[in-house]
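The structure appears below as structure tokens.
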Amino acid sequence: MSVFMGVTYKVTQLAQAVDYYVKYLGFKLVSEPVNPYSKEKSAILSLPGVRALLTLVGAAETKDFNKGTAYGHIALKSDDIYKTCEEIQKAGGKLPRPPGPVKGGTTVIAFVEDLDGYKIELIQRPNNWKCSFLHVMLRVGNLERTKAFYSKLGMEILKESENSEYKYTLVFAGYEPEELSTVLEFTYNWGTESYDHGNSLMYLTIAAKNLKLTYQDVVNAGGKIVSEPAVVEDVTQFVALDPDGYKIVFAEATEFKV
């Protein structure tokens, strides 16, 4: 089985960003690699017992830093949302959505913002949930096309729901359920077919069980190959764009190491 291995995006102040994610959100700093070609510094972060990683890359040029409107947020399981939000607020952090139950339900959620304005959703989940890095949210312009593409990659459509009041549809897709593994959340805002991708979201990573077959699946599903399979830093990988233009690095699972 292939595995979704997380998301990589740029930040303007790498050291301060790492401190925020470690201090307030429970991440651990795994390593700080430097790109041998661009010389960009990065930080690989993990949560206990979770395979998916969050990689932050220090932006070389901050004047043109643009998050765009396509990328949404990451979502994390929080054992004490109220306490986490209180600590963030005391430190001067922003809470675009204070902690509290969802409308018409009992699940407690909150949205906080990191130093660059990236939103992080905190969600109350049962203690027996094994995965605390819940999902990565992306906005898409054609939900059926997106579902078909990621299903071709071996993901299951785990859940789908509509909100007629605010006119959007949510779809969750993954190789395993969200309580076991990090998944993708796709948001379709009714009538919106495209978004500004900006330049801060770099790519998603998938560790492919069979890289050769995955390559063919991507092509057959309508993905665009950006770079052909090659060995990069001891890992065989290729890069593709999904139908909405999100970049995905597909790496040979047996070679993928943190």
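The values are calculated or read from the model by the stated rules, or taken from the named source; none is laboratory data. If you're wondering where the values come from, they're calculated on a predicted model, not measured in any experiment. Here the Cβ positions follow ideal geometry from the backbone for every residue, glycine too, while neighbour counts run over all protein chains shown. Side chains included, ligands, DNA and RNA excluded: accessible areas come from the protein's heavy atoms. Shrake-Rupley method; radii C 1.70, N 1.55, O 1.52, S 1.80 Å.
Counting Lys and Arg as +1 and Asp and Glu as -1 over every other residue whose Cβ lies under 15 Å from the Cβ of Ser161, the net charge comes to -1.
When the surface is traced with a 1.4 Å probe over the full set of protein chains, Leu134 keeps roughly 0 Å² accessible.
Leaving out ligands, DNA and RNA, what percent of the accessible area of the stretch 137-258 is carbon and sulfur, probe 1.4 Å? List each step's numbers first, then the result.
Working: 2940 of 6140 Å².
On the stretch 137-258, the fraction of accessible area on carbon and sulfur atoms equals 48 percent.
Solvent-accessible area of Cys131, all protein chains in place: 0 Å² (probe radius 1.4 Å, heavy atoms, ligands and nucleic acids excluded).
Sorting Ile74, Ile157 on solvent-accessible area from highest to lowest, probe radius 1.4 Å, gives Ile157, Ile74. Quantify, in whole percent, the carbon and sulfur part of the accessible surface of the stretch 1-106 (1.4 Å probe; protein heavy atoms only). Looking at the stretch 1-106 in its full context, I get 50 percent from C and S.
Counting other C-beta atoms within 10 Å, and keeping those with at most 16, which DSSP coil GluC sites (Glu not before Pro) do you find in the stretch 1-108? Can you show the working numbers first?
Working: sites: Glu40, Glu61, Glu86, Glu87; in loops: Glu40, Glu61.
Passing both the DSSP loop test and the Cβ count: Glu40, Glu61.
The residues of the stretch 91-232 expose, per residue, 51 Å² of accessible area to a 1.4 Å probe. For the chain, the mean residue ellipticity at 222 nm estimated from helices alone is -5000 deg cm²/dmol, where every DSSP H run of n ≥ 4 contributes -39500 (n - 2.57) and the total is divided by all residues, rounded to the nearest 500. Just so you know, the Cα atoms of the stretch 150-189 work out to an Rg and Dmax of 11.0, 32 Å.
When the chain is treated as a Gaussian network with alpha carbon springs shorter than 10 Å, the biggest mean-square fluctuation among Val239, Val57, Val34 belongs to Val34. Computed over the alpha-carbon atoms, the stretch 167-258 gives an Rg to Rh ratio of 0.99, Rh here being the Kirkwood radius from the mean inverse distance.
Just subtract the alpha-carbon distance of Leu170 and Asn127 from 0.36 nm times their residue separation and send over the number in nm, one decimal.
On the way: separation 43, 0.36 × 43 = 15.48 nm, distance 2.45 nm.
Here the answer is 13.0 nm.
Note on the chain: Cα Rg divided by 2.2 N^0.38 Å, N the number of residues, gives 0.98. Mind telling me which of Thr55, Thr12, Thr182 comes out most flexible in a GNM of the chain, alpha-carbon contacts under 10 Å? Among Thr55, Thr12, Thr182, the largest mean-square fluctuation in the Gaussian network model of the chain belongs to Thr12. Computed with a 1.4 Å probe on the full set of protein chains, the accessible area for Asp234 sits at about 130 Å². Summing Lys and Arg as +1 and Asp and Glu as -1 over all other residues whose Cβ lies under 14 Å from the Cβ of Val235 gives a net charge of -3. Among Asn35, Asn66, Asn199, the largest mean-square fluctuation in a Gaussian network model of the chain, built with springs joining Cα atoms closer than 10 Å, belongs to Asn35. With the contact rule set at Cα under 8 Å and sequence spacing of 6 or more, what percent relative contact order holds for the chain? That works out to 20 percent.
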